[in-house]
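Some notes on the structure that comes next.
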Amino acid sequence: MQKQTDIEKALLRKYPEQVVLVTTRNKEGKNNVMAVGWVAMASSEPVMFVLGIDEQACTYQNIIETKEFVVSFPSEKMAKETLFAGSVHGYNRDKIKEAGLKVQNAEIVNAPILVDAVANFECRLVEITKPGDCPLIVGEVVAAWENSNKKLKRLYTVGKEHKLAPVRVIKK
Ligand SMILES: Cc1cc2nc3c(=O)[nH]c(=O)nc-3n(C[C@H](O)[C@H](O)[C@H](O)COP(=O)(O)O)c2cc1C
C-alpha cells in the first residue's frame, strides 16, 4: 500500500546510495579528492558517468580547468577518508595527504587513482549541463583499474547525514 507523503520524506527511503571519490589535479599539479553521492552511469557505449557536483567545490573548478578527473569506488575500509573528503574544501589544503590516501598516477588522465579503492575510472569531460540547481558533469571513461582483491566491498551511504557502511547480500 502506498501513502502520499512529502517529497523530502519519501527521499529518506532512497538508501543505500552510491558514493564515489572524485580525484582531480589542477594545472599547478595539486591533487584533490571529494566525495560524491549523486552519481550514475550515463552511457554504456562508450561508458560515461554523470556526477552532480556543486559549483563551490574545488573539484568542480579543477574539472572546468583541466577537463579530466577520476571516479573511484571507495572500499568499505575507507569510510573515514570518504567522510573527510566530503567535509572540507581542498582549495587551501592537501586532503589526500591529510586523509592518508595512497595514490598512483593514472594511465591517461592527469589525476591520481586511489590505490586502495575497489575500482578507478579515468574520465574525460564530455559536457556540463544544469537542469536544476546542481551542475551535472558527464565524463567518458578512457581507462579503468580494479583492485586485485576481488572480495573487497564498496562503501555506500546507508542513511541520512552521510552514514557510510558496506551493503551485505542477505542469503536466503
Ligand atoms: C557521503 C558524501 C556524499 C556527498 N555527495 C556530494 C554530491 O553528490 N555532490 C556535491 O556537490 N557534494 C557532495 N558532498 C559534499 C562534498 O564532498 C564536499 O562539499 C567537499 O568538501 C567538496 O570538496 P572540494 O571542494 O575539495 O572539491 C558529499 C559529501 C559526503 C560526505
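Miscellaneous remarks
- Note that segment 40-155, at 25 °C in a medium of 0.890 mPa s, gets a Stokes-Einstein diffusion coefficient of 165 µm²/s from its Kirkwood radius over C-alpha pairs.
- Normalised by the number of residues in the chain, the average gap of Cα pairs under 8 Å and 6 or more apart makes the relative contact order 26 percent.
- Cross-linked pairs K3/K151; K80/K151; K14/K77; K30/K80; K3/K77: Cα-Cα separations exceed 31 Å for K3/K151; K3/K77.
- Centroid-to-centroid separation of segment 78-123 and segment 27-63 [C-alpha atoms, Å]: 12
Throughout, read-outs are computed from the coordinates displayed, never taken from laboratory work. What you are looking at is a predicted structure, and each value in this text was computed from that prediction instead of being measured.
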